[in-house]
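The block underneath contains the structure these notes are about, expressed in structure tokens.
The values are calculated or read from the model by the stated rules, or taken from the named source; none is laboratory data. Note that the coordinates shown come from a computational prediction; the quantities given were computed from them, not determined experimentally. Positions of Cβ are generated from backbone atoms using ideal geometry, with glycine treated the same way; all protein chains shown enter the neighbour counts.
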Amino acid sequence: MLENGNLNVIIHYYFFPALWVTHFTVDEKLRQVVIFENWKCSERTGKKCVLYTHQVGADYTLTGKKIDKIPKILEEIEPKIGFFKHPKATGSELLYFKSMLTTKERPLMVGFDGVGQPIPMNRVIKYSSDFQAFFKILEAG
């Protein structure tokens, strides 16, 4: 559906051990901008529970944040809750997520180690041998 000139699509899928809903739009460079909402947390608390890029010392971690509403247009998205969705390569089912929050040192990417623990976003190696930065979205019916 098109809202205020922005594409707004909701997809349900599993990311971490919970059901997450993605809200996304497209920016002026035609990149998908995604906000991840934990549906059960939102239902339980009455607020929108979203993934959040949080700085702890020199590291950036992935954590949760409660907000009043999901932004409807791109200009309202706080960079700490927005993520760019990129394919690994053209036509690939694998993709990676980069925080809209920028740092001078390196991009902040979502990644997990071999046992499923989040890696600090500024330490994720995009092309590591254990594929820590790549995901495949499984849509829930």
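Residues considered: Gly91, Gly116, Gly111. Of these, the only one that is closer than 15 Å to Phe135 by Cα, crowded, with 16+ Cβ neighbours inside 10 Å and of a type in the set (Gly, Ala, Ser) is Gly111. Check whether at least one residue in the stretch 39-52 is within 17 Å of Thr22 (Cα to Cα), touching an Asp or Glu at 6+ places or on another chain (Cβ under 6 Å) and surrounded by 13 or more Cβ atoms within 10 Å (Cβ to Cβ), and report yes or no. Looking for residues that are within 17 Å of Thr22 (Cα to Cα), touching an Asp or Glu at 6+ places or on another chain (Cβ under 6 Å) and surrounded by 13 or more Cβ atoms within 10 Å (Cβ to Cβ), one finds at least one in the stretch 39-52, hence yes. State whether the residues of the stretch 22-33 include one that is over 26 Å from Lys104 (Cβ atoms), modelled with pLDDT under 90 and surrounded by fewer than 17 Cβ atoms within 10 Å (Cβ to Cβ). Yes, that holds for at least one residue.
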